[in-house]
1. Counting only protein heavy atoms and a 1.4 Å probe, tell me what percentage of the protein assembly as shown's accessible area is made up of carbon and sulfur.
2. For region B:26-123, with every protein chain kept in place, what is the accessible area per residue (1.4 Å probe, Å²)?
3. Please compute how much accessible surface disappears when A pairs with B, both sides summed, using a 1.4 Å probe, and round it to the nearest 100 Å².
4. Let me know the charge dipole size of the protein assembly as shown about its Cα centre in debye, to the nearest 20, where only the beta-carbon of Lys, Arg (+1) and Asp, Glu (-1) is charged.
5. Which whole-percent values make up P(r) of region B:26-123 when all C-alpha to C-alpha distances are grouped in 10 Å steps starting at zero?
6. Averaging sequence separations of C-alpha pairs under 8 Å and six or more residues apart, then dividing by the length of chain B, give the relative contact order as a whole percent.
7. How large is the charge dipole for chain B, taken about the Cα centre, if only the Cβ atoms of Lys, Arg (+1) and Asp, Glu (-1) carry charge, to the nearest 20 debye?
8. Distance from the Cα centre of region A:39-111 to that of region B:40-95, in angstrom?
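The values are calculated or read from the model by the stated rules, or taken from the named source; none is laboratory data. Every value quoted in this text rests on a predicted model; they were computed, and no experiment measured them. Using ideal geometry, Cβ is built from the backbone for each residue, glycine included, and neighbour counts are taken over all protein chains shown. The area values use the complete protein model at the heavy-atom level, side chains included, leaving out ligands, DNA and RNA. Shrake-Rupley method; radii C 1.70, N 1.55, O 1.52, S 1.80 Å.
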Number of protein chains: 2
Amino acid sequence: MEEKKYTKYSNIRINYKLWMSSETGDAIIDDDKWQLLIAIQKHGSLKAGSDIMEISYRKAWGDLKKIEEILGFNIIEKHRGGKAGGVTYLTEDGNKLIQNYIEFRAEFQDAVDLIIRKFKKRLKD
Amino acid sequence: MEEKKYTKYSNIRINYKLWMSSETGDAIIDDDKWQLLIAIQKHGSLKAGSDIMEISYRKAWGDLKKIEEILGFNIIEKHRGGKAGGVTYLTEDGNKLIQNYIEFRAEFQDAVDLIIRKFKKRLKD
DNA sequence: ATACGTTAGGAATTAAGGTTCATATCAGTG
DNA sequence: CACTGATATGAACCTTAATTCCTAACGTAT
């Protein structure tokens with residue numbers, strides 16, 4: 001049977017975080033916000049989105065407000081009142097933005113996972 | 001003359017953060033700590049390192065302490081007193097660790113910059 | 001023996017974000 | 001027309017991390 005090879009680095013993990021920002025560095029979209037937007041898209045409300053993401057409504061609302069300020073265009077359209085109490089849905093720009101982010105994120109992840117695997121393999125020697 | 005093409009995403013930047021951690025997720029090395037270690041290596045003291053990195057000595061000291069606790073082996077060796085008041089230098093393990101990090105970081109960056117460029121180019125269309 | 005500059009580390013303070021709270025607004029429904 | 005549930009937003013509160021503050025220990029040089 002094979003002996004598991006032990007090295008000083010055997011318990012090391014590589015992590016990364018990816019996000020979009022404006023040129024001035026203000027954060028726009030990261031994984032959390034991207035998931036929040038998807039949850040909103042799926043459920044039609046900011047409240048549902050924040051519940052799913054397990055963050056406060058206040059934060060979700062504030063985050064999106066800031067994002068739109070920075071971007072300079074609207075990615076969601078919100079309405080209060082009505083049948084459901086209120087609704088929020090993504091604008092065309094919003095949909096495009098997360099679509100771009102999703103594609104990019106996937107490519108990024110593929111590329112990065114490859115080199116991480118390569119690196120970890122080398123660590124074993 | 002060429003008109004600069006303007007798009008909704010023209011002012012978007014891609015950012016990423018990379019770090020090593022233990023399997024339990026505790027942070028070990030990120031860019032700041034890696035630079036701190038290099039500064040220590042270069043100047044022979046934790047104090048000099050923290051000054052260069054513009055963080056408090058207390059934080060640098062605490063960070064390294066935590067890192068070594070998590071790793072389970074020493075990456076620096078510290079001595080107080082003496083000619084310079086005290087010295088700190090990297091152990092062989094410490095040198096290996098940052099060497100690995102540096103190599104990995106460079107590869108990571110190359111791979112990632114490539115796909116970021118590709119992505120930004122696509123955004124323009 | 002005193003001075004100097006660094007390591008060592010507990011304790012208090014400050015800063016930054018997020019959460020909670022409170023209150024208002026809105027539009028469809030019973 | 002009261003009721004409901006979501007959006008809107010300031011303000012107070014909480015949590016966690018980092019900075020500042022202090023005091024001590026150490027070893028070489030003067």
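1. Values: 7890 of 15420 Å².
C and S fraction of accessible area: 51 percent.
2. Values: 5550 Å² over 98 residues.
That works out to 57 Å² per residue.
3. On the way: alone 9480 and 9480 Å², together 15420 Å².
Using a 1.4 Å probe, the pair buries roughly 3500 Å².
4. On the way: 46 positive and 40 negative charges, 34 e Å.
In total the dipole reaches around 160 debye.
5. 15, 42, 24, 12, 5, 1
6. On the way: 108 pairs, mean separation 28.3, N = 125.
The normalised contact order for chain B reaches 23 percent.
7. For this selection, approximately 600 debye.
8. 44 Å
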